[in-house]
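What follows is one structure encoded as structure tokens, with my remarks underneath.
The values are calculated or read from the model by the stated rules, or taken from the named source; none is laboratory data. Keep in mind that what you see is a predicted model, and the values were worked out from it rather than measured. Neighbour counts run over all protein chains shown; Cβ positions are idealised from the backbone, glycine included.
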Amino acid sequence: MDFEKAQNRIIDFIRHETGKAGINGAVVGISGGIDSALTATLAVKALGKDRVLGIHMPESSLTPAADSEDAKILADWLGIEYRTIDISGIVSAFMAAVPESESADRLTRGNLKARTRMSLLYFHANQLNCMVIGTGNKTEILLGYYTKYGDGGVDLEPIGGLYKTEVWELSRRLGIPGSLITKKPSAGLWVGQTDEAELGISYVKVDEVLRMHEDGAAPETIQNKTGISAEQLKSVIGRIERNEHKRKAPPVPELF
Ligand SMILES: Nc1ncnc2c1ncn2[C@@H]1O[C@H](COP(=O)(O)OP(=O)(O)OC[C@H]2O[C@@H]([n+]3cccc(C(=O)O)c3)[C@H](O)[C@@H]2O)[C@@H](O)[C@H]1O
Ligand SMILES: Nc1ncnc2c1ncn2[C@@H]1O[C@H](COP(=O)(O)OP(=O)(O)OP(=O)(O)O)[C@@H](O)[C@H]1O
Ligand SMILES: [Mg+2]
């Protein structure tokens, strides 16, 4: 990958798409993780720091202090306007209004948190005539590893053409503060959740697999070259297929 070229292409993309929409700027959820850090950095390069609003949305009992610290470090480094909104009260109010949520599994409850954050981002986008800028990378999009209409509910996906390993590399090149780059990726939806544990494979490996799969390599070739187990390969391919619906607009029946 030519990172200089990719960076310029993404910056042009943000500028062009926001310009075409005639909006004032961008709203980005800043988690303290690297995808949002890179996205916000590129948005600032495209639009200027005065046209990017960062919103940190911790859940008081769950979000690690280090994430909130890193989110603030990033916002200060970029010089953007930055707000913090604790989602705990909103999530609790939802749970109190829906009796069956008591027994809902952690994934259902976790997805509710991602969708709560999406609602808050759109509240601000509506109010300020801005776009919600998504932070999904190519690895997550191919795997469908995001919450539909949660962190997947956005207006643009500027880093959607970069694999996770490329997100790290571009972030290093742009000088994003190191603590955001070295931490383990996490959706932060439940205690101890990490992407690589939930996916059952490292990002380095899954990116190798996805590249080969895109190039049309046969399953045996992928397994032999990457050294992953048959079970891991099945799981990766299963995610790609099972989550196909997330990459499409909702189907509409053709009427005659
Ligand atoms: N074939 C189909 N056609 C159309 N729609 C279909 C469908 N199959 C399911 N659906 C719908 O999709 C729903 C399931 O999708 P969804 O609600 O997204 O839920 P799901 O994919 O089950 O869970 C989201 C996954 O993304 C992970 N995540 C979330 C947020 C952030 C990050 C991160 O990396 O930071 C990761 C999370 O840990 C979890 O593994 C179903 O309840 C149903 O409504
Ligand atoms: N606590 C949070 N505050 C604000 N936004 C959040 C928070 N948690 C998640 N988000 C939003 O959801 C997006 C998806 O989360 P995801 O974990 O994939 O990305 P990340 O946290 O930026 O990077 P990493 O993969 O390194 O954890 C974030 O980029 C961010 O926009
Ligand atoms: Mg994260």
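Mind checking which residues of segment 7-34 are over 13 Å from residue 54 (Cβ atoms) and in contact with a helix residue (DSSP H, G or I) (Cβ under 7 Å, 6 or more places away or on another chain)?
7, 10, 11, 14, 15, 18, 24, 34
Here is a yes/no grid of residues against (1) of a type in the set (Lys, Arg); (2) within 16 Å of ligand 2 (Cβ to nearest atom); (3) in contact with a strand residue (DSSP E or B) (Cβ under 9 Å, 6 or more places away or on another chain); (4) part of a loop (DSSP other than H, G, I, E, B):
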{"residue": "8", "(1), (2), (3), (4)": "no, no, no, no"}
{"residue": "11", "(1), (2), (3), (4)": "no, no, no, no"}
{"residue": "15", "(1), (2), (3), (4)": "yes, no, no, no"}
{"residue": "26", "(1), (2), (3), (4)": "no, yes, yes, no"}
{"residue": "31", "(1), (2), (3), (4)": "no, yes, yes, yes"}
{"residue": "44", "(1), (2), (3), (4)": "no, yes, yes, no"}
{"residue": "60", "(1), (2), (3), (4)": "no, yes, no, yes"}
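Scan (1) buried (at least 17 other Cβ atoms within 10 Å of the Cβ); (2) over 27 Å from residue 117 (Cβ atoms) for the single condition residue 219 breaks and write down its number.
Failing condition for residue 219: (1).
Output the helices (runs of 4 or more DSSP H) that fall wholly within segment 157-226 and possess 3 or more residues being more than 21 Å from residue 243 (Cα to Cα) and away from ligand 1 (no atom under 12 Å from the Cβ), or say none.
Those helices (runs of 4 or more DSSP H) span 164-173, 178-182, 219-226.
Check whether at least one residue in segment 247-255 is assigned to a helix (DSSP H, G or I) and farther than 28 Å from residue 23 by Cβ, and report yes or no.
no
Buried (at least 17 other Cβ atoms within 10 Å of the Cβ), without any contact (Cβ under 8 Å) to a residue 24 or more places away in the chain and over 28 Å from residue 181 (Cβ atoms) - does that describe any residue in segment 225-245?
No, segment 225-245 contains no residue that is buried (at least 17 other Cβ atoms within 10 Å of the Cβ), without any contact (Cβ under 8 Å) to a residue 24 or more places away in the chain and over 28 Å from residue 181 (Cβ atoms).
Which number in (1) within 14 Å of ligand 3 (Cβ to nearest atom); (2) in the same structural domain as residue 40 (by TED's automatic domain parsing) marks the one condition that residue 175 misses?
Condition (1) is where residue 175 drops out.
I need the full set of residues from segment 140-156 which are more than 9 Å from ligand 1 (Cβ to nearest atom) and of a type outside the set (Asp, Glu), in order please.
Those that are more than 9 Å from ligand 1 (Cβ to nearest atom) and of a type outside the set (Asp, Glu): 141, 142, 153, 154, 156.
When you scan segment 129-143, how many residues do you find that are more than 16 Å from ligand 3 (Cβ to nearest atom) and touching a strand residue (DSSP E or B) at 6+ places or on another chain (Cβ under 7 Å)?
Qualifying residue count, segment 129-143: 3.
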